[in-house]
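Single-structure report; data block below.
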Amino acid sequence: GDGCGHMVMYQDSGTLASKNYPGTYPNFTLCEKKIQVPQGKRLILKIGDLDIESQKCESSYLTIHSSSTVHGPYCGNVMPVPKEIILDSNEATIHFESGSHVSGRGFLLSYASSDHPDLITCLERANHYTKTEYSRYCPAGCRDIAGDISGNIGEGYRDTSLLCKSAIHAGIIADELGGQISVTQKKGISRYEGVVANGIPSHDGSLSDKRFIFTSNGCNKSLSLEEGFLSKSQVTASSHWEETNEFGQLFQWSPDKAWLQVPGLAWASNHSSNREWLEIDLGEKKRITGIKTSGSGSIMLNFNFYVKTFTMNYKNNNSKWRTYKGILSNEEKVFQGNSNSGDIVRNNFIPPIVARYVRIIPQTWNQRIALKLELMGCRITQVNSSFTHSMWQKPSQSTETSLGKEDRTVTEPIPSEETNLGLKLTAIIAPILIVLCLFLFSGICICAALRKREAKGLSYGLSSAQKSGCWKQIKQPFTRHQSTEFTISYNNEKETPQKLDLVTSDMADYQQPLM
């Protein structure tokens, strides 16, 4: 019916509210909605707010129907409303009905599967908790719930801010999915700066006793602050604007001015259409988790250029351009950009973009397309998955090292555990193979010589000379015995040979090899 209001449902969690919440719900209305979580899970519901104008729950009430039980009816303050309801099944039907009334906010509830027993509602604030560190599960659909937040991801958020809405603002979770958040309470600061991020405005805040920050994976730093990034990356565009002022001065709104770290003009396209784009070559594949944008800037007071909405394309070497799409739909995602030319707006990519090339394609703009930006993310770390045993597991590390040169950067992979093991085995096996080959070659030479001796009726005095076949004659390892046939003696004073007796008979036929 027309009594349903805000509603976001994902496979594992969701949020529902009556129409106009937190304003007054309509007269004579009905809202009925079936919710469910995956099979084999139990359904957990938490009622964040309930304000239904009725004394006996006759014409206005809320009920929850499961396969075997009816919870409710709930209304007004006739009976205590449970904060949490755990059902035996994985699905339920929410039924809200209203009659004639004057006031009442209606209801707001959240749900999740039994995998998330630490579920909270969209209305919980950080000052509801006393622990220094804690973790909670935020349901899907908290972005558009009424309630202020103050602060930003850098300095932290005022403790009066809504927890889940702040987590979406910080880019920790996506509104469409919800997710786990880890919070740390810290001492408050004198002022909280408000910024717009992920479609949520945060407001400037005054002094507070406490503030809170979110624990993240650390992949949210500015890529342009990396050493050598600006010189290694390249920025190109479909076109750029050349402006000549009334004094005849020429201003180039070229793509290389698009970085937020570069003061002065921004990039501006020569024409304003949906076919314009700004392309960034990062030099190597990176993990991109967010983007900050602004317009023509406060320096250029004569202009008020900025991009209102935009889409993102990305690709790698020798691949086609791909469009960044929404989490729950197969349609390209349109990001909310700037509402003025000076303020910086942040948008996070959940999931992140892993690519070398990215394109920003403006969809709507004010007066003229103009853009300054900054990309956030980190270098890609490759985890060696060839060995699953714990003894091979090592902390993931960067697999690339840069060798600085004047005009380019050469990256080489760091040898993995497998490579090191292979090198060690090679170093051991190779010498053994060489020795075996030499021994075999020497044996063949000896065999050939013995056969030649036998043909001439000669004998080396071996105990097994009468046996047939040369290999039988060399079963025992060959040993050179000391003999007077080959003697070299030296005078210690002159260090010159004094005596040299050589057996010269038949030397032309065979010279015994040294083993």
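The values are calculated or read from the model by the stated rules, or taken from the named source; none is laboratory data. Remember, it's a predicted structure, so these values are computed and weren't measured experimentally. Here the Cβ is made from the backbone with ideal geometry for all residues, glycine too, and neighbour counts use every protein chain on show. Protein only, heavy atoms only, side chains kept; ligands, DNA and RNA dropped before computing areas. Shrake-Rupley method; radii C 1.70, N 1.55, O 1.52, S 1.80 Å.
Given the peptides 141-150, 319-328, 157-166, 54-63, arrange them by the average over their residues of other C-beta atoms within 10 Å, most packed first.
Working: 141-150: 20.5, 319-328: 13.1, 157-166: 26.2, 54-63: 17.2.
Top to bottom by mean Cβ count within 10 Å: 157-166, 141-150, 54-63, 319-328.
Taking amide hydrogens as placed 1.01 Å from N in the peptide plane, the amide H of Gly290 sits under 5 Å from those of Phe349, Met376, each at least 5 positions away in sequence or on another chain.
Kirkwood hydrodynamic radius of region 40-100 from all distinct Cα pairs, in Å? Kindly include the intermediate steps, with their values, before the conclusion.
Working: mean 1/r = 0.0822 Å⁻¹.
The Cα-based Kirkwood calculation yields 12.2 Å.
Net charge around Pro38, counting only other residues with Cβ within less than 12 Å of its Cβ (Lys, Arg = +1; Asp, Glu = -1)? Before the final figure, lay out the partial values.
Details: positive: Lys41, Arg42; negative: Asp12, Glu91, Asp115.
Spelling it out: positives minus negatives among the neighbours equals -1.
Between the amide H of Val196 and those of Ser202, Arg346, distances stay under 5 Å, these residues lying 5 or more places away or on another chain, with hydrogens modeled in the peptide plane. Quick check on region 126-216: take the gyration tensor over C-alpha atoms, sort the square-rooted eigenvalues as a ≥ b ≥ c, and tell me if it's rounded (a/c under 1.5), prolate or oblate. In terms of gyration-tensor shape, oblate.
Rounded to the nearest 20, the Cβ-based charge dipole of region 126-216 about its Cα centre (Lys and Arg +1, Asp and Glu -1) stands at 300 debye. When +1 charges are put on Lys and Arg Cβ atoms and -1 charges on Asp and Glu Cβ atoms, the dipole computed for region 117-268 relative to its Cα centre reaches about 640 debye. Along the axis of the charge dipole computed for region 234-379 (Cβ charges of +1 for Lys and Arg, -1 for Asp and Glu, origin at the Cα centre), the listed residues Ala266, Leu328, Asn313 are led at the positive end by Leu328.
Taking the Cβ of Ala197 as the centre, find all other residues whose Cβ is under 10 Å away and add up their charges (Lys, Arg: +1; Asp, Glu: -1).
Values: positive: Lys292, Arg346; negative: none.
Result for the local shell: +2.
Under the convention that each Lys and Arg Cβ holds +1 and each Asp and Glu Cβ holds -1, the size of the dipole of region 234-379 around its Cα centre is about 760 debye. Rg over Rh for region 76-230 works out to 1.04, both radii taken from alpha-carbon positions and Rh defined as the Kirkwood radius.
Reported to the nearest whole Å, the Cα centre-to-centre distance from region 316-387 to region 57-98 is 43.
A 1.4 Å probe, protein heavy atoms only, puts the accessible area of Phe439 near 140 Å². For region 4-113, the alpha carbon positions stretch 42, 25, 19 Å along the principal axes, listed from largest to smallest.
Derived scalar couplings between HN and Hα for region 39-55 equal 4, x, 9, 9, 9, 10, 10, 10, 8, x, 7, 9, 9, 10, 6, 6, 8 Hz in order, rounded to whole Hz, by the Karplus curve 6.51 cos²θ - 1.76 cosθ + 1.60 (θ = phi - 60°), x for Gly and Pro. Counting Lys and Arg as +1 and Asp and Glu as -1 over every other residue whose Cβ lies under 11 Å from the Cβ of Lys333, the net charge comes to -2.
Where both bridge residues fall in region 4-113, DSSP classifies roughly 100% of the beta bridges as antiparallel. If one computes the Cα centroid of region 220-264 and of region 125-152, what distance in Å separates the two points? For region 220-264 versus region 125-152, the Cα centre distance is 38 Å.
Ranked from the most accessible area to the least, with a 1.4 Å probe and all protein chains present, what is the order of Glu284, Glu91? It would help to have the intermediate numbers written out before the result.
Working: Glu284 20, Glu91 65 Å².
Sorted descending by solvent-accessible area, the residues read Glu91, Glu284.
What is the set of long-range amide H partners of Lys186 at a cut-off below 5 Å, with H atoms built 1.01 Å from backbone N? The answer is Arg211, Phe212, Ile213. How large is the translational diffusion coefficient of region 195-336 in µm² per second when you combine the Kirkwood radius over alpha carbon pairs with Stokes-Einstein at 25 °C and 0.890 mPa s? The diffusion coefficient I find is 135 µm²/s.
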